[in-house]
Amino acid sequence: MTSSGTNPHRPPVESLSPAWELLLPAAAAPARGRGRALRSALREAVRSGRLAAGTRLPSSRELAADLGVSRGLVTEAYEQLTAESYLRSGRGAGTWVSEGVRAAERPVRDHAPRAPGARVDFRPGTPDLSLFPRGAWSAAQRTVFGRLPHGALGYPDPRGLPELREALAGLLARRRGVVADPERLVVCSGVAQATTLLGFVLRDEGVISVGVEDPGSPEHASLFAATGLGTVPLPLDGDGLALAPLKRSGVRAVVTTPAHQFPTGIGYSAQRRGELLAWARDVDGVIMEDDYDGDFRYDRAPVGALQGLDPERVVYTGSVSKSLAPGLRLGWLIAPAALTERIVARKRTMDLGNPVIDQAVLADFVVRGGYDRQLRRCQRAYRERRDVLVSALAEHFPGTEVSGIAAGLHIIARLPARYGPEDVFLDRAAAAGIALRPLRDCGTAGSDDGSVPLVLGYAHLAPGDIARGVAALAGAWRSCRAGPG
């Protein structure tokens, strides 16, 4: 035996049982870390199922000889893993893998929403992530790391860092016409968390259901369901949420997207906005305004937020998911005074606050003008892509009706009935590797006139990809028409 604990007469690898070959890298580790490496390798072999429950291990003398390490190293590893319940042993009975260890599932899976195998993905909801301002964001991070005091790395105010709440309040008042008191602004993990925060507070007040737009975002119903609330689908008309069905529903809380309704693309009329606020006052109710893409209007200045007309009846929510990246998980909620403290208390118990460094970076990015520059950059890019999509549809699917205002990151395209039936069209598109979202997925029934209504996202696609994708979609339809049926 050498001074390093290795055996110069170690048997060749092929003489070892396959179950023990996985320990060889640990045996070859540097002398000072060999024991730790051996314990780790044995532990992982049990967790992964390579050493199954009930397997009898070699004696410490035999395994030490096989691996070319000292017997004491193996004995120590056996004793440690027995203390941790990975192994069991008895006097004179040997050492065994414990039956109480459950093998870990492998491999680790990624459940991020994607369309695997799609050549072109026209589904809405995602911005162009290549536009994320990596350089400016990195510069903001360096600035923040250079000035952030040590004490700021403790648990934050659950409402959010004061500097970020002040920066966002100024931004939202200037760009969206929001009445933004920093003391009533809560930094959230996107609109999804803002929705669940409101849901929990409403449920505590005795609310049992919330009105949602139909068609509308499917996520609203699932998020409220997670808080114990039901949802009541409410129809739209040309001006926004239809008032008569809303009044008949009996709900006292409703979710709206008035700046650019999702998915129809309409903007609520001035009259309907006023009627909706009057309804909330009459029933002592509350409106949640999901301002998911209110900054992106291409034919005129964006219409201000509904919240600015009555901040005591409207819970305003928004995020950076469309302007920067959804993966940042940064958003905000501005609450009426009557709900603020209860929302903050719920936020505290939910997660103790959002990450401090991310908040500080966003605050610096907003204050130094980086956020405004990013919005201008995205607006130019998305306006061009919308124009390309509309032109491509006109070329390849003549007669297609594009509805809604010139805004946001998606359009509603109604292809004439000759391109149907809808199910056949969607099947052919999927077979051609083109991911689509039909309007019916957003809660509304299929079309009555035989048209094919689609919700087409374009922000995440380069102009050339949009043109090629629509051409490929037309080719898939033609192959369907030319086929045997």
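The values are calculated or read from the model by the stated rules, or taken from the named source; none is laboratory data. Since we're looking at a predicted model, the values are computed, not measured. Using ideal geometry, Cβ is built from the backbone for each residue, glycine included, and neighbour counts are taken over all protein chains shown. What goes into the accessible areas is simple: the full protein's heavy atoms, side chains included, and nothing from ligands, DNA or RNA. Shrake-Rupley method; radii C 1.70, N 1.55, O 1.52, S 1.80 Å.
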Item to check | Solvent-accessible area of Leu202 with every protein chain in place, 1.4 Å probe, in Å² to the nearest 10 | outcome: 10
Item to check | Contact order relative to length of region 274-348, as percent, for alpha carbon pairs under 8 angstrom and 6 or more apart | outcome: 25
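With only alpha-carbon atoms in the gyration tensor, what are the semi-axes of the equivalent ellipsoid for region 179-338, in Å, largest first? Before the final figure, lay out the partial values.
Values: eigenvalues 85, 76, 48 Å².
The answer is 21, 19, 16 Å, longest axis first.
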Checklist entry - What ratio of Cα Rg to 2.2 N^0.38 Å holds for region 61-188? => result 2.03
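What number comes out for the charge environment of Glu62, summing +1 per Lys or Arg and -1 per Asp or Glu over other residues with Cβ under 12 Å away? Display every interim value, and only then the final one.
Working: positive: Arg56, Arg61, Arg71; negative: Asp66.
The answer is +2.
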Checklist entry - When you take every Cα atom in region 186-262, what is the radius of gyration, and what is Dmax, the widest Cα pair distance, in Å? => result 12.3, 35
Checklist entry - Glu62: accessible area at probe 1.4 Å, nearest 10 Å²? => result 110
Checklist outcome for this item: Given all pairs of distinct Cα atoms, the chain yields a Kirkwood Rh in Å of 26.7
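With the full set of protein chains in place, find how many percent of the accessible area of the chain is carbon and sulfur; take the probe as 1.4 Å.
Working: 11560 of 22410 Å².
The C+S portion of the solvent-accessible surface of the chain is 52 percent.
Compute the convex hull volume of the Cα atoms of region 112-181, divide it by the residue count, and report the result per residue in Å³ as a whole number. Don't skip to the answer; put the middle values down first.
Values: hull volume 13.1 nm³, N = 70.
That works out to 187 Å³ per residue.
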Next on the checklist: Considering all alpha-carbon pairs of region 364-485, what whole percent are spaced by more than 17 angstrom?
Outcome noted: 59
Next on the checklist: As I understand it, the dipole of region 115-214 uses +1 on the Cβ of Lys and Arg and -1 on the Cβ of Asp and Glu, about the Cα centre. Which of Phe122, Pro133, Leu202 lies farthest toward its positive end?
Outcome noted: Pro133
Checklist outcome for this item: Placing +1 on each Lys and Arg Cβ and -1 on each Asp and Glu Cβ in region 321-412, then taking the dipole about the Cα centre, the residue among Ala337, Ser391, Ile405 whose Cα reaches farthest towards the positive end is Ala337
Item to check | Accessible area per residue, Å², the chain with all protein chains present, probe 1.4 Å | outcome: 46
Next on the checklist: Within 15 Å, Cβ to Cβ, of Arg142, how many net charges do the neighbouring residues add up to if Lys/Arg are +1 and Asp/Glu are -1?
Outcome noted: +1
Item to check | Estimated inter-spin distance, Ala83 and Met350, nm [label 7 Å along Cα→Cβ] | outcome: 4.3
Checklist outcome for this item: With +1 at each Lys and Arg Cβ and -1 at each Asp and Glu Cβ, the charge dipole magnitude of region 38-81 around its Cα centre, to the nearest 20 debye, comes out at 120
Item to check | Rounded to the nearest 10 Å², the accessible area of Ser391 at probe 1.4 Å | outcome: 70
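Where does each of Arg39, Arg102, Arg88 land when they are ordered by accessible area, with a 1.4 Å probe and the largest first?
Arg102, Arg88, Arg39
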Item to check | Estimated inter-spin distance, Ile357 and Gln141, nm [label 7 Å along Cα→Cβ] | outcome: 0.7
Item to check | Debye, to nearest 20: dipole size of the chain, +1 on Lys, Arg Cβ, -1 on Asp, Glu Cβ | outcome: 1440
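Taking every eigenvalue of the Cα gyration tensor of region 228-320, multiplying by 5 and rooting it, what semi-axes result, largest first, whole Å?
Taking √(5λ) for each eigenvalue gives 21, 14, 13 Å, largest first.
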Checklist entry - If we count every other residue with Cβ under 14 angstrom of Leu243's Cβ, Lys/Arg +1 and Asp/Glu -1, where does the sum land? => result 0
Item to check | region 273-396: Cα Rg divided by the 2.2 N^0.38 Å rule of thumb | outcome: 1.31
Next on the checklist: Could you put Arg36, Arg273 in order of accessible surface area, largest first, with the 1.4 Å probe and the full protein assembly present?
Outcome noted: Arg36, Arg273
Next on the checklist: In region 326-343, whose amide N lies under 13 Å from the spot 7 Å out along Cα-to-Cβ of Asp204? List them in ranges.
Outcome noted: 338-343
Checklist entry - How many angstrom separate the Cα center of region 28-78 from the Cα center of region 339-396? => result 51
Next on the checklist: In the chain, if the dipole is taken from +1 on Lys/Arg beta carbons and -1 on Asp/Glu beta carbons about the Cα centre, which of Gly469, Thr317, Ala244 is farthest to the positive end?
Outcome noted: Gly469
